[in-house]
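**Student:** Can you read through this structure? Questions will come right after.
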Amino acid sequence: MLLRDERITLAEAVHAFTLGSAYVNHLEEETGFIEVGKRADLIVVNRNLFDHPSEGIAGAKVELTLVEGDRVYASGSSA
């Protein structure tokens, strides 16, 4: 269990799981953030996570998932 002073912010967590993951996997030239020419590996959720208390993040629903630009999941469809 983490202590209160070991917690990170939502912004730090998003950075760690996007740019940070790309960096440690030596993929920062291919992925890590949305930019023309980079692979589109991303999800779209039904609300802005930064507009809600962190305790409610688990309640966010994934609406769309793209892997290398291809739709692999879309809420309400068979992708």
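The values are calculated or read from the model by the stated rules, or taken from the named source; none is laboratory data. Keep in mind it's a predicted model, so treat the numbers as computed, not measured. FYI the Cβ positions are ideal-geometry reconstructions off the backbone, even for glycines, and counts take in every protein chain you see.
**Student:** Only one of these conditions is not met by E29: (1) at pLDDT 90 or above; (2) over 20 Å from E68 (Cα atoms); (3) not assigned by TED's automatic domain parsing to the domain that holds A74. Which number is it?
**Tutor:** Result: E29 fails condition (2) only.
**Student:** Looking for whichever is surrounded by 14 or more Cβ atoms within 10 Å (Cβ to Cβ), of a type in the set (D, E, K, R) and closer than 27 Å to S77 by Cα here; the options are E28, E63. Which one fits?
**Tutor:** None of the others qualify; the one that does is E63.
**Student:** Condition (residue is loosely packed, with under 14 Cβ neighbours inside 10 Å, of a type outside the set (D, E) and more than 12 Å from the chain's Cα centre (by Cα)) applied to region 14-22: is it met by at least one residue?
**Tutor:** No.
**Student:** Read through the list (1) in contact with a strand residue (DSSP E or B) (Cβ under 7 Å, 6 or more places away or on another chain); (2) hydroxyl-bearing (S, T, Y); (3) loosely packed, with under 10 Cβ neighbours inside 10 Å, then give the number of the only condition that S77 fails.
**Tutor:** (1)
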